[in-house]
1. Arrange the following residues from fewest to most other Cβ atoms within 10 Å of their Cβ: Tyr468, Tyr369, Tyr637, Tyr441.
2. Assuming a ≥ b ≥ c are the square roots of the Cα gyration tensor eigenvalues, decide whether segment 547-724 counts as rounded (a/c under 1.5), prolate (otherwise, with a/b larger than b/c) or oblate.
3. Using Cβ contacts closer than 10 Å as the measure, can you line up Leu586, Leu141 from fewest to most?
4. For the chain, what proportion of DSSP beta bridges, expressed in % and rounded to the nearest 5, is antiparallel?
5. Using amide H atoms built 1.01 Å from N in the peptide plane, name the residues 5+ places from Leu61, or on other chains, whose amide H lies under 5 Å from its own.
6. Rounded to the nearest 10 degrees, what's the angle between the helix 206-216 long axis and the longest principal axis of the chain, both from Cα atoms, 0 to 90?
7. How big is the charge dipole of the chain about its Cα centre, in debye rounded to the nearest 20, if each Lys and Arg gets +1 on its Cβ and each Asp and Glu gets -1 on its Cβ?
8. For Asn96 and Arg611 in the same chain, what is the full-extension length gain: residue separation times 0.36 nm, less their Cα-Cα distance, in nm?
Amino acid sequence: MSTLFITCAKGLEELLRDELGDLGLSDARATVAGVYVGGGLEAAYRACLYSRLASRVLLPLAQFAAGDARDLHAGVQGIDWSTLLAPEGSLTVDANLSQSALTHSQFVAQTVKDAIVDQFRDACGVRPSVDREQPDVRVNLHLRRDQAALSLDLSGAPLHQRGWRLQQGAAPLKENVAAAMLLRARWPDTYAAGGVLFDPMCGAGTLLIEAALMAAGVAPGLTRARFGFERWRGHDAVLWQRLRTQAEQTAHAGLAALHPVFHGRDRDPAALVAARGNAQRAGVAGFIQLERGDVAHMAAPVSDSTGLLISNPPYGERLGEMPEVLALYRTLGERLRASFGGWRVALLFGEQGDGHMIGLKPERSQRLYNGALACNLLQFSVHAERVQRAPAPLAEQVSMLVNRLHKREQHLRKRLQREGIDCYRIYDADLPEYAAAIDVYLAREVDGEVAAAVPDTVPQRWLHVQEYQAPAEIEPGLAARRLQDLLRAAAHELAVPRARIALKTRARGHGGARHGRLDARAHWLEVQEGGLYFRVNLFDYLDTGLFLDHRNVRGRLRASAAGQQVLNLFAYTGTGSVYAAAGGALGTTSVDLSTTYLEWATWNLLRNGFRGAAHRLVQADARMFLAADTRRYGLIYVDPPTFSNSKRADDFDVQRDHVDLLRACAAHLTPGGVIVFSNNFRRFRLDADALAAAGLGVEDWSAPSVPFDFTRRSNIHGCWLLRAR
């Protein structure tokens, strides 16, 4: 073995030549769609294992004239195939034809296969089988102008198939093309200088994962299940294992030193699920942060940092020349100019794409091929001076909003500091034009799977913005512009980057569970309230895991729990149980139908040191639990949803069913026990007469239960204390 031919996509030949030279492969010479290199078996193995750009590694076997099928058959039989393949083995043939008398690739591949198996049958009476998926030997024939080049494909499946991408989008970017984009955009230099990488339309995460593996020096072939040479008779298993072990050691050291500077964003939650799965299989999930969002709201993922923004946005050849695509490009350009001063940008456009579509002049344009699709990689620099000019004057209404946020923060600050409150409501549709609620969370990022102490890092401010549904007479475009104004004003006045702002829209519904799943980001935060720690998630669910308007209710539970057994029905994330345990409860029982929220409650209890048999968690419908339970409790907390139609339990309507529910609770009270009953149904009317007939005295505790930062909506919830007469 003296010469190898290593193929690649057109346009990557020079990059591949340089890469192979860096790998120590000698005499690299670029040609059309590939590179010739000298070297033996070790060179072939290194190319298969380490090349990020190669498509296939071919070992030339023979060259001969093949003007017709007879010449082709004879030329193939001129090779001793017994040195390459066992008689009982398997093979497949790939044929590529160009400007030759033989024009049918399937017929040519069949002829090559017949010549090989005929040689075995004539010599030993046994013939190899055909296996197109995982053959022992893959033969490659390139026939150009009646000249045949026959090679052994040592790579097997194309090398861009790393093995970690099991899920992909509708228009996938090949992994070796992604690597080429990163190299052309000088990502290794950016990483070495401390820069970050951001893909605002990351899809299944190909660019992010390739960038992380590249920065860590992980050989791309390590994640593949097999190579074409592994069943070839010339394979040196000892040499291969030595090279693989070296690569594994290098990868381990590289990942240990890798910085988590990789940020991805996509508006499609299914794409983010795919990206997380792919990153996990590639071994870099812990270094990549993903969030759901569209281009219109994107901002630099790390404040006061610059780096490389790189992406493969949709373009006409893939999705059609749609107005939406052109609008996307314009929006992308606006966001780049507004928020990415000092960044470098690399974007892959269609063959006709150029910089005028995003309003920036490209510094460089390079042709790449993603499969057969011709593309242009355009690179830009977003000049900092363009985005550091004074911002355009705010409209009068937006100025009023900024002023309102400023005054509200000044008004709340002293009391928040005095009472040690880290999570609070700062704005609640104070101005009718901006109908949304803004909650502030002072939080640390935390591993969602481990209930352990969080490193003593400085907590950061996060915002949870809940937009109320606009009235029907408000034009949707105006409502959307107002929402953007509100987000801009909140980010500016409260000094919170857009990446730490969670936005949700609350439309008026027609019933259903109150804790809907919205995303799958799994971005967990830890907050402190009342000297206790709670896990929250601002992005994935309609509610965050901590009802801020129930802060006083939780305080009441703590004050009433000493020496009592406490039952928490519809326990959600168990915050009421944690407060009761902190107040000296002898034990707590948390009941919820959702395993997700019971796991969350477990985390909250363990984080605060409450564990063991004294703190039960029960997955059950609350009414079924009450019917089966025989225990009695000195304190029962009931905070049901307005309506629930779970498949695992009967429908529940708080207005219709609250009397029966509270009667069942009363049957479990110890003498002198109390029921704390609350709910957030604004039109709720407690049936005091029916409860009195059931022997329950009722104290309306709604007014004192609403915290000071929620006084604009004093009816945000109701709360009652019930005792048996």
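1. Numbers: Tyr468 15, Tyr369 18, Tyr637 29, Tyr441 23.
Taking fewest neighbouring Cβ atoms as first place, the list is Tyr468, Tyr369, Tyr441, Tyr637.
2. Details: a/c = 1.26, a/b = 1.16, b/c = 1.09.
Rounded, since a/c falls under 1.5.
3. On the way: Leu586 14, Leu141 23.
Least to most surrounded, the residues fall as Leu586, Leu141.
4. Working: 72 of 122 bridges.
If we restrict to bridges inside the chain, about 60 percent are antiparallel.
5. Leu150, Ser151, Leu152
6. Helix 206-216 and the main axis of the chain meet at about 80 degrees.
7. Numbers: 83 positive and 78 negative charges, 333 e Å.
So the magnitude is around 1600 debye.
8. Values: separation 515, 0.36 × 515 = 185.40 nm, distance 6.68 nm.
The Asn96-Arg611 span can extend by a further 178.7 nm.
Every number here is computed from the coordinates shown, using simple stated rules; none is lab data. All values derive from a computational prediction rather than experimental measurement. Positions of Cβ are generated from backbone atoms using ideal geometry, with glycine treated the same way; all protein chains shown enter the neighbour counts.
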